[in-house]
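Here's the structure, in C-alpha cells; my notes come after.
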Amino acid sequence: MKKQPLGMLRSLIVIPDWISFADPDKPSDLKWIYKDKTVNSIETSSVIFIPVDFSRLILYRYSYLLFHGIGIFYTKFSLKEKIISTDFRYLTGFVIPEKKWLDNHFNTEPFVFPSFNTFMIASENLLEFSFSALHIQNNYTGQSRQAFARGRMLTQLILPLKEPLVMLRKAAEKYEEFYYVPSPMRVLMCEFFNEIFLNEIAIESKNTTYEENIPGIRRIKPNLMKIFPKPWRNEDFLNGLRHEVSQIAEDFALIGAPMILK
C-alpha cells in the first residue's frame with residue numbers, strides 16, 4: 001500500500017479563546033487560582049489539537065464528539081499587574097457537544113470528518129485547517145489555494161499562537177509526552193454529561209504535577225476511567241488509541257510542523 005504523503009495528518013483545530021468557547025456562562029464570582037494565588041487576569045487561553053479520528057457518544061439523548069490525537073492547552077496570565085506567567089497541559093483527547101461543533105462550522109448536516117478537499121473551516125470561536133491545503137501543489141489552482149491557506153494560518157495560528165505550536169512540535173519530536181506506551185490519556189472536556197463536567201480535563205491515572213490548578217480550566221481529575229464509556233476502560237482499546245496518538249505525534253513532528261513553521 002502506498003504511504004500517504006501526509007501520513008495520518010488531516011486537520012489542525014484551533015480554539016483561540018478557550019474560556020469564552022467552553023465556559024461562556026461561568027459564574028461572576030469564579031476566581032482562577034494558580035499555585036495557591038489568585039490570578040489577576042488571563043491574557044490568553046487557547047487550544048491547538050490535531051485529531052487522528054473521532055467517535056460519537058450518545059448519552060441521555062445528547063450527542064458528543066470525542067476526538068483522540070495530540071494537542072495542547074496554553075494559557076498566559078498575570079498574578080500581579082504587569083507580571084505575566086504562562087502554563088500549559090498536553091492533551092490526547094478532546095470532547096465537544098456535537099451541536100456546538102456543528103454550530104461553529106456553520107453546518108447543519110450530520111458531522112463528517114473534513115475531507116482532503118476542504119482546506120479551512122472558520123467561525124468566530126473555532127478554526128480548522130486542512131494539512132492537504134499546505135501540501136505541495138502542481139497546478140495554478142492548487143498553488144493559489146496553498147498561498148491563501150498559508151496566509152490565513154499565518155495570521156490566525158502562527159503569529160498569535162507560535163509559542164504553544166512550537167511547544168507541541170518539540171514534544172512530538174522528542175516523544176516525551178505522546179510516544180511512551182502505555183501513555184496516560186488526557187481528555188479536555190468542553191462539556192460532557194449535560195454540563196456535569198464542564199471545562200475540565202479527565203486523566204487516566206493520578207498525576208500530581210498535571211493535576212495542579214491552571215488558569216482557564218475549572219478542574220483536572222483522574223476520573224477518565226469512571227466517566228467515559230466501557231471501551232475506554234479496556235486496556236487493549238486504550239493501547240490501540242495510544243498507538244494512533246504516537247503515530248500522529250510522529251507525523252506531526254516529521255511532516256506537519258515543518259510544513260507549518262518553515
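Values quoted throughout were computed directly from the atomic coordinates according to the rules given, and no laboratory measurement underlies them. What you are looking at is a predicted structure, and each value in this text was computed from that prediction instead of being measured. For neighbour counting, all protein chains shown are included, and Cβ atoms are generated from backbone atoms with ideal geometry for every residue, glycine included.
Could you tell me the calculated FRET efficiency between His243 and Asp29, based on Cβ-Cβ distance and R0 = 30 angstrom, to the nearest 0.05?
Once rounded, the FRET efficiency stands at 0.10.
On each of the three principal axes of the Cα atoms of the chain, give max minus min coordinate, whole Å, ordered largest first.
That works out to 56, 47, 40 Å along the principal axes.
Could you tell me what percent of the DSSP beta bridges with both partners in the chain are antiparallel, to the nearest 5?
In the chain, approximately 90 percent of DSSP beta bridges are antiparallel ones.
With a ≥ b ≥ c the root eigenvalues of the C-alpha gyration tensor of region 1-104, is it rounded (a/c under 1.5), prolate (a/b larger than b/c) or oblate?
It comes out oblate by the Cα gyration axes.
Would you grab the residues whose amide H sits under 5 Å from the one on Tyr34? Only those 5+ places off in sequence or on another chain, please, with H modelled 1.01 Å from N.
Val39
Using a 10 angstrom cutoff on alpha carbons, build the Gaussian network for the chain and name the most mobile of Ile158, Ile83, Ile72.
Ile83
Would you kindly state the longest site-free stretch of the chain, with sites defined as GluC sites (Glu not before Pro) in a DSSP loop (not H, G, I, E, B) surrounded by at most 16 other Cβ atoms within 10 Å?
1-80
Which FRET efficiency value, to the nearest 0.05, is calculated for Glu81 and Asp36 with the Förster distance at 25 angstrom and r the Cβ-Cβ distance?
Here the calculated transfer efficiency is 0.85.
With a cut-off of at most 11 other beta carbons within 10 Å, and DSSP calling the residue loop, which chymotrypsin sites (Phe, Trp or Tyr not before Pro) in region 23-82 qualify? Please list them.
In loop regions of region 23-82 (DSSP not H, G, I, E or B), the sparsely surrounded chymotrypsin sites (Phe, Trp or Tyr not before Pro) are Tyr60.
Pick out, in residue order, every one of the trypsin sites (Lys or Arg not before Pro) in region 1-90 that is DSSP loop and has at most 11 other C-beta atoms within 10 Å; say none if there are none.
Of the trypsin sites (Lys or Arg not before Pro), the ones in loops of region 1-90 whose Cβ has at most 11 other Cβ atoms within 10 Å are Lys2, Lys3, Lys31, Lys35, Arg61, Lys82.
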